[in-house]
Amino acid sequence: MKKRLLLFFTMVFAAVLLISCGTENEDNDGGNAEGSDQTVENKGTIKLGVNNWADYIAVTNMWKVLLEEQGYEVELHQLEKGPVWTGLAQGDLDIAAQVWLPTMDEPYYNEYKDKVELKEIWYEDVGMGLTVPTYVDIDSLEQLNDHADSFDDRIVGIDAGASVMHLTKEAIEEYGLEYELIESSEPAMLSELEKAYENEELIVVTLWNPHWVFSDYDLKYLEDPKLVYGEGDDSYFATRVGFEDDHPEVVQWMNNWKMDDDSLGELMALGLELGDPLEAAKQWIEENRALVDEWMQ
């Protein structure tokens, strides 16, 4: 039942984000955070791009709350990964809170690196790759073709524009995998994973960490001896060119920002529990005010 509830909240998560994006300015009271006891000068509007992944949604809503506490109005723009980069490069967005390098976002970074500004690392040792339940008796991408029939000749993926999908296409070619890569979404992939897991059926999916699903299911990455998925990424944030000149204090705060498995996991888990990433961000910030205050200096 816990797993079903978590998956349900994951699917609700994205829907709530869309609602909050559309209504954020309606309940903004001049830049004051809810419950603030002082008037804060309105410092203008900041536009954050956000990809429809649970971790990305969590930290972007967190920064929405923190920046609004400081007097900014914040707009969230839900987009796939490619359009987020394009928006930064064209100056239509101000910040992308999650950039994974050197591997996962490498194609976008190579295309746009002269038109965006890469800032500091806030989370280290991101992982990604093809993932199976631990009860599956294979350990490497090189073994997949020997069991293709058992996996129905398919890899269950997420949205087509995600970097992990591009890398999986490379992996299929590099390892000669006789599999079809299914394009879907994170919630749809998780739903299929849950169904297979409960019945101890074979399934292979595209996944990454940090992700709450690793704490709820016993899963393992398949070994990638050819390093198609790299040896691990770090998560940076990026801004449009000139944003630091316009808002140096914001970049300073975000350069101070650091999270680990525990802090990010707590934020994501709270979002799943509440079914509302904005309310989760507000509660998490209040529960971790000492940590947040270290960033906002």
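The values are calculated or read from the model by the stated rules, or taken from the named source; none is laboratory data. Predicted model only: the values in this text are computed from it and were never measured. Cβ coordinates were reconstructed from backbone atoms using ideal geometry, including for glycine residues, and neighbour counts include every protein chain displayed.
Assorted remarks:
- For region 116-150, a residue qualifies if it is within 20 Å of GLY176 (Cβ to Cβ) and surrounded by fewer than 19 Cβ atoms within 10 Å (Cβ to Cβ), and the qualifying residues are ILE138, ASP139, SER140, GLU142, GLN143, ASN145, ASP146, HIS147, ALA148, ASP149, SER150.
- Filter result for VAL59 (surrounded by 23 or more Cβ atoms within 10 Å (Cβ to Cβ) and touching a strand residue (DSSP E or B) at 6+ places or on another chain (Cβ under 8 Å)): yes
- Strands (runs of 3 or more DSSP E) wholly inside region 183-297 that include at least 2 residues being of a type in the set (S, T, N, Q) and closer than 28 Å to VAL65 by Cα: 233-240
- Candidate set from region 153-182 (those that are assigned to a loop (DSSP other than H, G, I, E, B) and of a type in the set (A, V, I, L, M, F, W, C)); member that is nearest to VAL228 (Cα to Cα): LEU177
- Residue within region 191-200 that is in contact with a strand residue (DSSP E or B) (Cβ under 9 Å, 6 or more places away or on another chain) and within 30 Å of ALA238 (Cα to Cα) present: no
Rundown of residues vs (1) out of contact with any helix residue (DSSP H, G or I) (no Cβ under 8 Å at 6 or more places or on another chain); (2) farther than 26 Å from LEU88 by Cβ, yes/no style:
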site: PRO210; (1), (2): no, no
site: PRO225; (1), (2): no, yes
site: TYR236; (1), (2): yes, no
site: SER263; (1), (2): no, no
site: MET268; (1), (2): no, no
site: LEU272; (1), (2): no, yes
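- Qualifying positions in region 80-108 - aliphatic (A, V, I, L, M) and within 24 Å of GLY230 (Cβ to Cβ): VAL84, LEU88, ALA89, ALA96, ALA97, VAL99, LEU101, MET104
- Top-ranked residue in region 89-107 [being touching a Gly at 6+ places or on another chain (Cβ under 7 Å) and at pLDDT below 95; ranked as surrounded by the fewest Cβ atoms within 10 Å (Cβ to Cβ)]: PRO102
- Selection status of TRP208, among the aromatic types (Phe, Trp, Tyr) and within 16 Å of LEU130 (Cα to Cα): yes
- Unmet criterion (only one of (1) under 22 Å from SER184 (Cα atoms); (2) hydrophobic (A, V, I, L, M, F, W, C); (3) more than 14 Å from the chain's Cα centre (by Cα)) for TRP100: (3)
- Residues of region 144-157 classified as touching a residue at least 40 places away in the same chain (Cβ under 8 Å) and farther than 14 Å from VAL205 by Cβ, total: 2
- In region 158-173, the residues that are under 15 Å from SER184 (Cβ atoms) form Cβ pairs under 6 Å with partners that are of a type in the set (D, E, K, R) and part of a loop (DSSP other than H, G, I, E, B), at six or more places apart or across chains, as follows: ASP159/GLU80; ALA160/GLU183; GLY161/GLU80.
- Checking each residue in region 62-73 for being farther than 26 Å from GLU124 by Cβ and surrounded by 20 or more Cβ atoms within 10 Å (Cβ to Cβ) picks out GLU68, TYR72.
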